[in-house]
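Novice: Let me begin by handing over the structure; questions about it come next.
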Amino acid sequence: MLSIVTLTLGPVQTNTYIVADPGTGEAIVIDPAARGDLIVDEAEKRGWRISSIWLTHAHFDHLAGAGAVADRCTPSPPVALHSADYSLWRFQGGAPLFGMQIDPGPEPTINLVHGQILFLGNNKFEVRHAPGHTQGHVIFYCSDEKVLFCGDVIFNGSIGRTDLPGGDFDTLIESIHAQILTLPDETRVLSGHGPETTVGEECRTNPFLVK
Ligand SMILES: [Zn+2]
Ligand SMILES: [Zn+2]
């Protein structure tokens, strides 16, 4: 069982997901976009304890809240990121390209790799490397709960942009076909921006994928 709370935060309306194992009250935060104080408030209100921060990728709008989340939690939750996005992380997630300065929070200490299994209570999440939007983009798939957290790889009716440093359109399309469209149709797709969708819905209607 998983409990999922969605918060839409920051200058580009990024979805932050607080995902909890209701049995133990352990929670992880996927992409703390901004307002770390508010993210921790939401978890505490439900009696949840944040044990880790998982980043789908290192763009600033997915991690600008990490520092404040870490500051409020004891012990400080470790941050997980794919190593191919570390250089982007060190560059404040590209914030300076948009004329901004952010605090990227604690240095990532969990090095995500394709095929790795992450646990939240008894719930298993498979890490899938899905480059194209950024080089180190990963998605988190929980097959028991039929849910996918896919960051900026695919959106309801659209796909991630590929014009930022490290982006590549053909690589992104290949990642979507290999890592997302191979999942069961009924899989819930929770993206970094915009409303929830499913794998089947995008297969049938996403203008970037239907021929
Ligand atoms: Zn992004
Ligand atoms: Zn984004």
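The values are calculated or read from the model by the stated rules, or taken from the named source; none is laboratory data. Quick caveat: nothing in here was measured; it's all calculated off a predicted structure. Every residue, glycine among them, receives a Cβ derived from its backbone with ideal geometry; neighbour counts consider all protein chains shown. Keep in mind that these areas ignore ligands, DNA and RNA; they rest on the heavy atoms of the full protein, side chains included. Shrake-Rupley method; radii C 1.70, N 1.55, O 1.52, S 1.80 Å.
Novice: Identify, by number, the condition in (1) without any contact (Cβ under 8 Å) to a residue 24 or more places away in the chain; (2) over 16 Å from Ile28 (Cβ atoms); (3) more than 17 Å from the chain's Cα centre (by Cα); (4) exposed (fewer than 15 other Cβ atoms within 10 Å of the Cβ) that Pro165 doesn't meet.
Specialist: The single condition Pro165 does not satisfy is (1).
Novice: Filter segment 195-210 for residues that are open to solvent by 40 Å² or more (accessible area, probe 1.4 Å) and at pLDDT 95 or above and give the result.
Specialist: Correct list: Pro195, Glu196, Thr198, Glu201, Cys203, Arg204, Thr205, Pro207, Phe208.
Novice: Working only within segment 129-151, note down all residues that are closer than 17 Å to Ala80 by Cβ and assigned to a loop (DSSP other than H, G, I, E, B).
Specialist: Ala130, Pro131, Thr134, Gln135, Gly136, His137, listed by residue number.
Table: residues versus (1) free of Cβ contacts under 8 Å to residues at least 40 places away in the same chain; (2) closer than 18 Å to Asn15 by Cβ; (3) of a type in the set (A, V, I, L, M).
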site	(1), (2), (3)
Thr56	no, yes, no
Gly65	no, yes, no
Val69	no, yes, yes
Arg72	yes, no, no
Pro78	yes, no, no
Ser87	yes, no, no
Gln92	yes, no, no
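Novice: All but one of (1) within 16 Å of ligand 1 (Cβ to nearest atom); (2) under 12 Å from Gly192 (Cα atoms); (3) buried (at least 16 other Cβ atoms within 10 Å of the Cβ) hold for Ala34, so report the exception by its number.
Specialist: Result: Ala34 passes all but (2).
Novice: Here's a check for you: in segment 55-90, which residue that is open to solvent by 10 Å² or more (accessible area, probe 1.4 Å) and either in a strand (DSSP E or B) or within 15 Å of ligand 2 (Cβ to nearest atom) (or both) is nearest to Ile139 (Cα to Cα)?
Specialist: Here the answer is His82.
Novice: Taking the stated definitions as given, is Arg90 of a type in the set (Lys, Arg), more than 13 Å from ligand 1 (Cβ to nearest atom), under 18 Å from Ala33 (Cα atoms) and over 13 Å from the mean Cα position of the chain (by Cα)?
Specialist: Details: of a type in the set (Lys, Arg): yes; more than 13 Å from ligand 1 (Cβ to nearest atom): yes; under 18 Å from Ala33 (Cα atoms): yes; over 13 Å from the mean Cα position of the chain (by Cα): yes.
Yes.
Novice: Now for a separate question. Can you find a residue in segment 18-28 that is in a helix (DSSP H, G or I), among the polar types (S, T, N, Q) and in contact with a Gly (Cβ under 8 Å, 6 or more places away or on another chain)?
Specialist: Looking for residues that are in a helix (DSSP H, G or I), among the polar types (S, T, N, Q) and in contact with a Gly (Cβ under 8 Å, 6 or more places away or on another chain), one finds none in segment 18-28, hence no.
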